[in-house]
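What follows is a set of notes on a single structure, which appears directly below.
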Amino acid sequence: MGNNKNIRVVELFAGVGGFRIGLEGASDAYQTIWNNQWEPSTKHQDASLVYRARFGSNGHSNNDICTIATKDIPDHDLLVGGFPCQDYSVAATLSRSGGIEGKKGVLWWQIYRILEGKGEKRPNYIFLENVDRLINSPATQRGRDFAIILASMSDLGYIVEWRVINAAEYGMPQRRRRTYIVGYRKDSVVANKIEDANNWLFYDGVMAKSFPFAEKKNTLSKFKITGSIKEVSDNFNKNKKDSPFGTAGIMIDRNILSVDSTFVYEGTSQTLGDILVDEEFVPEEFFISDEELPKWQYEKGAKKINRVSKEGYEYVFSEGGMAFPDYLDKPSRTMITGEGGSAPSRFKHVVQTPSGRYRRLIPIELERLNMFPDNHTYHPEVSDGRRAFLMGNALVCGIVEIIGKSLYRAIYDEEPVSSNPISAKRDKQPVFKFDLFANEKIDLVVNAPKKTYTLYPTKHLLIGLVKLDNQDYFLDGAPTKIYYTGKTKAFPSTIALNKLYYFMPYIKGKGVKDLYLIRVARIGNKTEINKGSKDTDPRLVFELEYLESLPEYKPVKLNIFNTFRDTVLGSIL
């Protein structure tokens, strides 16, 4: 591990930087020192263009990973990547998927090659993402692909845990199920904390603390993956109907502890309706004309069609109906790469506006479904259709952020701090020529995403004074904030921290207006964000999530040290 709590990251199959955004949102310690993005199916490297425009070209590789020597990849602490999954994507039937032996599936072996080639300098930690059906593929030998991956990582000296996570079940705006894999070298700090596999899987592990879950009854299983990688490939679970891998598990020395999980979550949530921009901001080309509407209704509807196979057999193709328009009071359906373009499609999202018109989603909304910053994929050389494709391939940044925080805590035994929340727009940077963005108009201003939550009037509310030099920070509209109190010895002992639930910043001369949920209360100091500060005195720190604002400022009296007020939410509402 690097000095000064610096976690050096190498990002493979980087796309437009979802892993980087999530990790930077988790902690400033994560520093991406090298990244690779190469799309073999196109001459126009859209994802690479966007990545460089947002993060710069330093350390960026736009070459086929298969052609890059391991020695040319810098040593690092954490290897991350959403390795390509087209061969077992949900867009194809299992029987047609090639699995790990398919054209894209073989790219797993590039990860293996890099890890093996690094030898004793291989990274302490690995963080990977793939489709949910990875644990079940291929159809002819359920779970074989995942067994190969786990056995390979074990042979390289890693302990591995995994979870299949549906982002919507943990408050995020899209129903997107993906398999997340985290690995720890046996001599790493985190690996040395694993005393009992069962406790780590259910309670103490990086995944368990990121996304709490409950066990589905009678699904716990234990087994060992045996044989060489070739033998695993040939014989694992052969002629069995079901995969032995559950949606949560841990592997130590090829010994598997696995279980099917159900989510446990009580926080705020977002729906498709919450991330939509006002109708007035939507370009006319995204609206569906009256002439085209019947075609969309047909595509979305139930149907039975007589067809003839290549071999001359007649059969009936049937499919059920889909919601039309999409429900606004629920998380969206899974976004796929074919989301872009105006042609009628069964799989594209269609919403009905307050005026009654039907429309497709604009790129900003697709970015929000994956929790990217607004206009992250904007680039003069990238079309709206390709922006939709890029988001269909992307991961949910919020998942990466939460796991990244949990991993940091496991490494350093302290709370992570980030000056780059995932909603923060990355500065535009020139690509190829310095005037690339010269003709760009001013940033499109749209209304912010909303959240779905319940307000509890009897829950305790802390009102805290914001000093003059920090007022602009609390007025910039960002969805997450950090509030540092005075020194801990000056914080009133009459306030019970375990009772606090909400926070409102007090703006001198105005009062209170913005309401936040207190997500984390901890001890910290101002040097966390202001590295040049000499103020290392311990302070109480509240990590806040914005909920809503009062119509106007409400004057209140700060009755504790002229700095705080401890009350209940109902007294303000």
**OP:** May I ask you to list the trypsin sites (Lys or Arg not before Pro) in segment 241-318 that are in a DSSP loop and have at most 14 other Cβ atoms within 10 Å of their Cβ?
**Re:** LYS241, LYS310
Subject >> Exposure proxy ranking, count of Cβ atoms within 10 Å, fewest first, for GLU292, GLU11 >> reply: GLU292, GLU11
Subject >> Packing-based exposure ordering (other Cβ within 10 Å, fewest first) of PHE19, PHE83, PHE324 >> reply: PHE324, PHE83, PHE19
Original post:
Taking K and R as +1 and D and E as -1, what net charge do the other residues with C-beta under 11 Å from the C-beta of ILE275 add up to?
Top reply: -1
Subject >> segment 492-573: chymotrypsin sites (Phe, Trp or Tyr not before Pro) in DSSP loop, at most 13 other beta carbons within 10 Å >> reply: PHE561
Subject >> Read-out mean projected area of the Cα convex hull in nm², derived from the coordinates shown; its label in (i) 25.3; (ii) 30.1; (iii) 34.8 >> reply: (ii)
**OP:** Sort HIS460, HIS376 so the one with the fewest other Cβ atoms within 10 Å of its own Cβ comes first.
**Re:** HIS460, HIS376
**OP:** Can you pull the one-decimal nm distance between simple spin-label points at SER309 and LYS534, each 7 Å off the Cα toward Cβ?
**Re:** 8.1
**OP:** Tell me the trypsin sites (Lys or Arg not before Pro) within segment 513-573 that lie in a loop according to DSSP and have at most 12 other beta-carbon atoms within 10 Å.
**Re:** LYS531, LYS534, LYS557
Subject >> Set LYS405/LYS425; LYS240/LYS303; LYS121/LYS186 screened for pairs whose C-alpha atoms are more than 23 Å apart >> reply: LYS240/LYS303
Original post:
How large is the helix-only mean residue ellipticity at 222 nm for the chain, computed as the sum of -39500 (n - 2.57) over DSSP H runs with n ≥ 4, divided by its residue count, in deg cm²/dmol to the nearest 500?
Top reply: -5000 deg cm²/dmol
Subject >> Centre separation in Å (Cα based) which lies between segment 168-212 and segment 319-377 >> reply: 31
**OP:** Excluding residues fewer than 8 places away in the same chain, name every one of the lysines whose C-alpha is closer than 17 Å to that of LYS534.
**Re:** LYS487, LYS526
Original post:
DSSP beta bridges in the chain, what fraction antiparallel, as a percent rounded to 5?
Top reply: 75
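Taken together, the values in this text are just the output of simple stated rules run on the coordinates, not laboratory data. What you are looking at is a predicted structure, and each value in this text was computed from that prediction instead of being measured. Note that each Cβ is placed from the backbone with ideal geometry, even for glycine, and that neighbours are counted across all protein chains shown.
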